[in-house]
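Sharing a structure, written as structure tokens. Questions coming.
Any read-out appearing in this document is the output of simple, stated calculations on the displayed coordinates, not a laboratory observation. Remember, predicted model here, so these are calculated numbers, not experimental data. So basically every Cβ, Gly included, is an ideal-geometry build from the backbone, and we count neighbours across all protein chains shown.
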């Protein structure tokens, strides 16, 4: 996906796919992706899933961005969780088998932050979704109008390149 | 689902498939041809390339690689190369081939079209090869033709004109720098500082009240003392070996002195007609090209089968975020490996000899594969026999290897020796036998080869020699011969090998020269030698004095350091011995090192 396409989807996402559930799922998935190291097949597959599902992309992307600021703190939680799981004697045969399975090493499952991030992310997904849903209701009532009429959104839309891109892709 | 997102990606995948199905093989063929042309410096033709992805396989057929030196000759050609790649390692970007088949391999075949590339860079032969060629031709062209009855006596020798003087001056500068570095290394202060630190730790540990902690600290101190003594021992050996190795540079100076004497004799119109020089003149140019090719193949083997490949496999445990936990790998693959390749082809053009064999363990990472490259090729037909064996072991710290080639019963059509501008000989007919062995140990190379021709006719030519008695003696010495033998001994290192050539033709020629010039030759040589040695004397004396004094200085420093290290180390260990037994009851005996250098 090219940068212009991301900006286009971002702006379009401000007004479409804005049901509270869609916003909630966008934030939850963004939260999960945000926790993981990005240069792994796992994070890339989750990004593809994010783009393919009918969920709110701007909220997901904003959440991923926000998580990068929180990650130094979150790593202190996810790293020991991942380390505990990856060095567990009971799970050792499973990890060894996965490590020797083609392609699987590219997922980065043997990284402590990724493994811990996946577990913490999945566990926290439900509360994050519920919080995101509540935020969706608030967004539709209070923020949607303001954001679509904001100077930034208007300025982006009037850029000739984006303008042309919107026309071509309509 | 967001079909607007998924559909373009699906179309993209279809296009990727179409590319690999229709366009991949022609593009691969083109890039293979270009790559091979760049490597060979000549035109390459490839008739077909076929790849398959579902069961990864490769086949290349009708390949001819032109020779950069001979326009209408192929360096090599083969009818087919086929192999199947293992799928699982491909996912790790590893190319593992269990069996490959190289068939129809031929060398030196003629070609109808020119092999010359338009913008190919002309490859320069290594210095030692051009020297080998030049030495023979220079002597032949410049000196033999002008031979008169006696030697010119009034030749002056100035030190500036001698190449041996230049080498002595260079050696002096080099030795001064290297000895200074070794002397610094041999200084005992670095070991003393480490022992002082250990002594301080020992004093601190002695005061420790907690027995268990004390025992632990003392054990560590013992280990540290052992480490210091072991480091010193290793450093001493390294320093002594390096100091001894410096003397090897003198061999080059001696060789330069020999050449200087030859040059002075040349100026005296009396060439140094020893058998070594004559052998270089007769067989040097013929052997130089073959040696060049052999050295190129060796250099290629070292380049693509490096001995430090294990270092590239080092993995970081700490990741950018978090830590990577590594689990045991069931299969660790090198980046490229052909476990076994069968080879078959023909040797010779007029009456080709069929041969076949195998090459095992072709890999770019020998350390990971852990097995050496082994090649066995054999062929036999109507009194002819070929036996090629090679073992290249690069699984350790340095390459070790042994290559042997035996080829007997080959027909010799025509072999030209010497230089037509002075003395040459055409050897026609007969049957040849070649036997060669080459050993490699790291950078060092050692080998010898003989080529013997029997039942041949030798036709000498010495038209350019003006001195009639000499010309007759030269022609008579070689006429009527039916057997010719020649040999080469290789020594030195891969980057700077030394060659000693022999041939029985040179012995015969040497006899002819001696017969004509008699005592005049020996006297001229003695005079030339005296002149060169007189010019060289001050430089040689200076270097001898430098090496003598510096070697002594380093030895004294090492002896002093040894005394310090063993004295201080023994002191600490004796104290440890006294402390260890009563302090840690029941902890078992602590083994203490003995100081013997």
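Using a 10 Å cut-off on Cβ atoms, rank the peptides B:161-170, B:554-563, B:176-185 from the highest mean neighbour count down.
B:161-170, B:554-563, B:176-185
What's the exposure ranking of B:17, A:25, A:95, going from fewest to most Cβ atoms within 10 Å?
Lowest count first: B:17, A:95, A:25.
By counting other Cβ atoms within 10 Å of each Cβ, how are A:78, B:84 ranked from fewest to most?
Listing A:78, B:84 from fewest to most nearby Cβ atoms yields B:84, A:78.
First measure r as the distance between the Cβ atoms of residue B:391 and residue A:76, then evaluate 1/(1 + (r/R0)^6) with R0 = 51 Å and state the FRET efficiency to the nearest 0.05.
0.40
Going by the alpha-carbon gyration tensor, a ≥ b ≥ c the square roots of its eigenvalues, is chain B rounded (a/c under 1.5) or, if a/c is not under 1.5, prolate (a/b greater than b/c) versus oblate?
Cα axes put chain B in the oblate bin.
Okay, next question. Multiplying the sequence separation of residue B:520 and residue B:240 by 0.36 nm and subtracting their Cα-Cα distance, what value in nm do you get?
96.2 nm
Same structure, new question: Which of rounded, prolate or oblate describes the protein assembly as shown when judged by the alpha-carbon gyration tensor and an a/c cut-off of 1.5?
oblate
Here's a follow-up. Within 10 Å of each Cβ in A:111-117, how many Cβ atoms from other chains are there, averaged over the peptide?
4
Go through B:207-213, A:34-40, B:374-380 and give me the packing order, highest mean Cβ count within 10 Å leading.
My ranking of the peptides, most packed first, is A:34-40, B:374-380, B:207-213.
Give me the percent of DSSP beta bridges within the protein assembly as shown that run antiparallel, rounded to the nearest 5.
Here the antiparallel bridges make up roughly 90 percent for the protein assembly as shown.
Moving on to the next point. Would you please give the FRET efficiency between residue B:463 and residue B:534, computed as 1/(1 + (r/R0)^6) with r the Cβ-Cβ distance and R0 = 41 Å, to the nearest 0.05?
E between residue B:463 and residue B:534, to the nearest 0.05, is 0.60.
How much of the DSSP beta bridge set in chain B is antiparallel, as a percent to the nearest 5?
90
Here is a follow-up. Cβ neighbours within 10 Å, averaged per peptide: list B:280-293, B:24-37 in order, most packed at the top.
B:280-293, B:24-37
In peptide B:327-337, what is the residue-averaged number of other protein chain Cβ atoms found within 10 Å of each Cβ?
The per-residue average across the peptide is 2.
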